[in-house]
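The values are calculated or read from the model by the stated rules, or taken from the named source; none is laboratory data. Being a predicted model, the structure only gives us computed values, none of them experimental. Methodologically, a virtual Cβ is constructed for each residue, glycine included, from the backbone with ideal geometry; neighbour enumeration extends over all protein chains shown.
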């Protein structure tokens, strides 16, 4: 049957998705390893800066939590979309995959696969899609800790949590509001992350490192 026979609700959703493409900023897909902390943090940024939920999609990996699975799920969403999440296929200009080093054995594979996908896939406008890894060593919480202190020596994730709780009391992965609690110190955190980037890189996988400052800066300036 033709489109005129589709349910009105579906037609409305389709029109909403199409209208979002006319907004003056890129369509972004972010897929994270974590199902709570990272999505809550990133969605808080999206909400604060009034970024469209269609233009900026934050999802956690449905394939599993290993870095390679995160990259593979992001690739799947880009290529195939997901009707249940109102994601159309090839509907993004930028894809970010957010994962930790921790003890993951597929960490370096994930970095390599993300690099191989960068610019190789095309979106529905026939444009090459940027595909970037946002890695943290040892974990995402290092980025939060950098808001409060310099970190230059390797830390186990348990130590990162312990030190972070000196500033964010009772820090818990399932809680929201951590962007609001840290955003006043974002400039200092970015400077510290950039300092680490001068000393090491994501591929080292040993020294403290995070790319989160790049993603946060990108999102907070997306509409400027």
Please determine, by comparing only the residues of region 1-25 that are surrounded by fewer than 14 Cβ atoms within 10 Å (Cβ to Cβ) and assigned to a loop (DSSP other than H, G, I, E, B), which one is modelled with the lowest pLDDT.
1
Taking region 177-201 and keeping only residues that are surrounded by 15 or more Cβ atoms within 10 Å (Cβ to Cβ) and within 17 Å of residue 34 (Cβ to Cβ), one is left with 178, 179, 182
Does region 71-103 hold any residues that are crowded, with 18+ Cβ neighbours inside 10 Å, assigned to a loop (DSSP other than H, G, I, E, B) and within 16 Å of the chain's Cα centre (by Cα), and which are they?
92, 101
Quick check on residue 125: is it under 22 Å from residue 54 (Cβ atoms) and surrounded by fewer than 16 Cβ atoms within 10 Å (Cβ to Cβ)?
yes
Within region 50-64, count every residue that is out of contact with any helix residue (DSSP H, G or I) (no Cβ under 6 Å at 6 or more places or on another chain), at pLDDT 95 or above and part of a loop (DSSP other than H, G, I, E, B).
3
